[in-house]
Amino acid sequence: MKQSILGLAATAILLASATVCRSEESASGRWEGSVQIPDRELTLIVDLAQTKNGAWTGSVIIPGFDVKGKAVNDLAVKGSEVSFAIATGRGLQAVLKGHIAADGTLAGEFAQAGNTARFVLKKTGPPQVELPLRSTAVSKEIEGQWKGQYELSGYPRKVTIKVVNRGSEGAAADFVVVGRKTTTLPVDLVRQEGTLLTIDSYETGISYEGRFNPESGEIKGTFNQGAIEIPLVLQRAK
Amino acid sequence: MFRGDPNHSGLYSGPEPRQFHRVKWKFPTGNRIVSSPVIQGKTIYFGSDDANIYAVDAESGRQIWKYATKGAVSSTPAVANGVVYATSYDGKLYALNSETGATKWKFATEGERRFEAKGLHGMQPRNQTIADPFDIYLSSPVVVQNTVYFGSGDGNLYAVDAVSGELKWKFKTGDVIHASPAFSDGLIYFGSWDSCFYAVDAANGKERWRFHGGEDPLVHNQVGFQSSPAVVGGVVYTGCRDSNVYALDAATGKEKWRCNNEMSWVNSSPAVVQGKVFFATSDSSLFRIVDAATGKELVKQQDKAYIFSSPAVVGNTVLIGVLNGTLEARDAKTGDLLWDYEVEKSKQNKGWILTADRKFNMPLLFPSGLDETTIAGTVREDGIGSVYSSPLAANGIVYFGSADGFLYALE
């Protein structure tokens, strides 16, 4: 009898874990549907996938909001419960909490700016999660500290950019602008393609893009903020 | 490239899509698509108003790469010698590696802008300069003999070295150039919003001739070349906002004939195939076929809504997009509808933007004459998935973009 109870318990555990596995598997895919904001339905496409080590990853597409392949934050898949957050470049911050139902829909609550609306998504195919761009390593000619100056609204701004390689993580940069006050920009991405260097600060919408000239030893480019582009030549700091 | 070849014939090869079977795939982007897809090998290239240039596998619809510009990519890319060229509302021409999307170079113009005028289209307030919400497209580049030619909102037609990105020459007109230049026999042909159509020497940018279209000093509605020309058999064919389609001698600019469309813009770029000119109109919503030599009417079909999209001719089938969110296939001889495909947003018809028979529901689309209302109206139009994009037919598949943000592949 004891053996039978143990056997039943083991079977139950196996069944339960199988159910969990199926549910977690079922979260993987491309989900398409909408958020039913009153008088403004929002088309929403979510890609969710599990990596080899079992971690979940995801990205979203929101047509009309310039959101394509944006990585989701705080993604959690527990059985049939799925939750994640969206933060876009234009300040849309939302939290989605949903449940995968027996009919295969992923539905739940979309919360944004204190409002809530129902979302309903259906699986339409395998996941197409977009991985965010990663920083590349930079060449020796680019690595190091650079200084330059630009003028905005009649005021000079001094720029210091220090680029360092971090092994397999690619390069990182310190990006400091000194005007009437000193601003250290949070840098998200540093990339070098040939002689072209780009440094992006997503949160501020500021970027620097310039080409290294091996003859002059300068990086000639532009300081960019939204639609504003200001020429900025960087010279190696002495 | 836009319209399939440098002279913009609008002719495509491959099996005719005489029947619609199913949606093969659809690819979502972050904003409306007015760009037209082009194919090179097994890859589809197009732009989106979400500021990205995309490379997508033609078979699976999976993204190969995307490249972020800083403005809407409302132009159609050109692909030549392993390089993708496209213009963006950030005022730049981009040259990218076609396999990887890596930057080759960028060329900065003097800056983009839409056509604008005081009291435009009769909108209120009368003394306010209003940007034209119907100036939808950017000029799409044409690549010939290692040179990229394109127009810009700064009024210039640019010739840029295709390898280095260095300026070769520029030609200044009096207003926005958002039509796409065509190339034929050493000349570049294009229209401007200054009401003139130009032919310039492709080698040095010297003007050969210009042709004056209509003027509209009162409300600036019936003026400007938004349509892109086709050059076939020594004749230039172009639509104009002055409601005409013109046939001009390619060597001299002399008018051969004009076809009037009763106060309706012709923003659609004509296709010219086997002695026939195929085009469509905006407000009068006509699909027309005229004789290329004489301009004589061959077919006049009443469509349901405005058409900005340019026809693609594949054998005996003509494909064209309609702003009510529909892609149509018509018979090239009779103009009869063979099949159509309505995007989901159009079917939903939220806010009753369309009537029950798929025409624009004008009182609900543009409820007043304020400029804000008109701009909001165009946004509402986008909400039903308007098809501004010109279809591409390749290997029996039809590709097109919609204002719902999706690129569709139909088979």
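Nothing in this text is a laboratory measurement; each read-out follows from the coordinates by a stated rule. Treat the numbers as computed from the prediction; the structure is a model and nothing was measured. Counting neighbours? That spans all protein chains shown, and the Cβs are built from the backbone with ideal geometry, glycine included.
Calculate for chain B the 222 nm mean residue ellipticity that helices alone would give, adding -39,500 (n - 2.57) per DSSP H run of length 4 or more and normalising by residue count, nearest 500 deg cm²/dmol.
Mean residue ellipticity at 222 nm (helix-derived): -1500 deg cm²/dmol.
Mind pulling up the Rg/Rh value for region B:84-185? Radius of gyration and Kirkwood radius, both on Cα.
With Rg and the Kirkwood Rh in hand, the quotient comes to 1.06.
Taking 7 Å along the Cα-to-C-beta vector as the label spot, tell me the B:Arg208-A:Ser34 distance in nanometres, rounded to one decimal.
Output for this residue pair reads 5.1 nm.
Please work out the FRET efficiency for the pair A:Ala55 and B:Ala356, using the Cβ-Cβ distance as r and a Förster radius of 60 Å; give the result to the nearest 0.05.
Using R0 = 60 Å, I get an efficiency of 0.75.
Say each of A:Lys97 and A:Thr204 gets a label point 7 Å from the Cα, pointing the same way as Cα to Cβ; how far apart are those two points in nm?
For the pair A:Lys97/A:Thr204, the computed spacing is 3.6 nm.
If one computes P(r) from the Cα atoms of chain A, what percent of pairs lie at distances over 34 Å?
39
Sequence gap of 8 or more, or different chains, plus Cα separation below 19 Å: how many lysine pairs satisfy both in region A:21-125?
10
Report the full-extension gain for the segment B:Ser13 to B:Ala251: residue separation times 0.36 nm, less the Cα-Cα distance, to one decimal in nm.
Length gained, B:Ser13 through B:Ala251: 82.8 nm.
Gap in Å between the Cα centre of region A:85-149 and the Cα centre of region B:145-204?
Cα centroid of region B:145-204 versus Cα centroid of region A:85-149: 40 Å apart.
Return an integer: the convex hull volume of the alpha-carbon atoms of region B:208-281, in Å³ per residue.
Per residue, the Cα convex hull of region B:208-281 comes to 80 Å³.
List the residues of region B:371-397 whose backbone N lies under 17 Å from a point placed 7 Å from the Cα of B:Leu298 along the Cα-to-Cβ direction.
Flagged as within label range: none.
At 10 °C and 1.306 mPa s, grab the translational diffusion coefficient of region B:296-336 from Stokes-Einstein with a Kirkwood Rh over Cα pairs, rounded to a whole number in µm² per second.
My calculation gives 148 µm²/s for D.
For region B:17-101, just list the percent of Cα-Cα distances falling in each 5 Å bin from zero outward, please.
Result, from short to long distances: 3, 16, 27, 25, 16, 7, 4, 1, 0 percent.
Kindly provide the pair-distance distribution of region A:21-125 built from C-alpha pairs, with 5 Å bins from 0 and whole-percent values in order of increasing distance.
3, 13, 26, 29, 18, 9, 3, 1, 0
Would you mind computing the Rg to Rh ratio of region B:131-235 from its alpha-carbon coordinates, Kirkwood style for Rh?
0.97
If amide H atoms are built 1.01 Å from N in the plane of the peptide, which residues on other chains or at least 5 residues away come under 5 Å of the amide H of B:Ala292?
Sorted by chain and number, the residues that satisfy this are B:Lys276, B:Val277.
Can you give the alpha-carbon Rg of region B:276-354 over 2.2 N^0.38 Å, where N counts its residues?
1.13
Give me the Å³ per residue figure for the convex hull around the C-alpha atoms of region B:270-310.
Hull volume over Cα atoms, normalised by residue count, gives 57 Å³.
Given +1 on the Cβ of Lys and Arg, -1 on the Cβ of Asp and Glu, and no further charges, what dipole in debye does the protein assembly as shown carry about its Cα centre, rounded to the nearest 20?
Using only the charged Cβ atoms, the result is roughly 1020 debye.
I'd like to know how chain B sits against the 2.2 N^0.38 Å rule of thumb: what's its Cα Rg over that expected value?
Against the empirical 2.2 N^0.38 Å value, I get 0.89 for chain B.
Taking Cα pairs under 8 Å and at least six residues apart, what relative contact order does chain B come out at, in percent?
It comes to 16 percent, rounded to a whole number.
Suppose each label sits 7 Å from its Cα in the direction of the beta carbon; what would the A:Lys158-A:Asn213 distance come out to in nanometres?
Label-label distance for A:Lys158 and A:Asn213, simple model: 2.4 nm.
Straight-line reach from B:Lys345: which aspartates and glutamates have Cα under 12 Å away, leaving out those fewer than 8 places along the same chain?
Straight-distance partners of B:Lys345: A:Glu41, B:Glu381, B:Asp382, B:Asp404.
Report relative contact order for chain A in percent, whole number only (criteria: Cα-Cα under 8 Å, sequence separation at least 6).
Relative contact order of chain A: 12 percent.
Name the aspartates and glutamates eligible as straight-distance cross-link partners of B:Lys300: C-alpha to C-alpha under 16 Å, and not fewer than 8 places from it in the same chain.
Of all the aspartates and glutamates, those that pass the test against B:Lys300 - Cα under 16 Å, at least 8 places apart if same chain - are B:Glu262, B:Asp283, B:Asp291, B:Glu328, B:Asp331, B:Asp336.
Taking 25 Å as R0, compute the FRET efficiency from the Cβ-Cβ separation of A:Lys238 and A:Asp174 and round it to 0.05.
0.90
Tell me which aspartates and glutamates have Cα within less than 16 Å of B:Lys92's Cα, excluding those fewer than 8 residues away on the same chain?
Answer for B:Lys92, where 16 Å is the Cα cut-off: A:Glu209, A:Glu229, B:Asp49, B:Asp50, B:Glu110, B:Glu112, B:Asp154, B:Asp161, B:Glu166, listed by chain and number.
What would the Debye equation give as log₁₀ I(q)/I(0) for region B:172-226 at q = 0.19 Å⁻¹, counting only Cα atoms as equal point scatterers?
-0.62
For region A:184-214 and region B:345-411, write down the distance between their C-alpha centroids in whole Å.
One Cα centre to the other: 38 Å.
Could you list, in their original order, any pairs among B:Lys70/B:Lys104; B:Lys256/B:Lys359; A:Lys220/B:Lys168; B:Lys42/B:Lys347 whose Cα atoms are separated by more than 23 Å?
B:Lys256/B:Lys359; B:Lys42/B:Lys347
One-quarter of the Cα convex hull surface for region A:144-236, in nm²?
6.1
Give the relative contact order (percent, whole number) for region A:144-236; include only Cα pairs under 8 Å separated by 6+ residues.
21
For the protein assembly as shown, count all C-alpha to C-alpha pairs, find those more than 35 Å apart, and express that count as a whole percent of the total.
45
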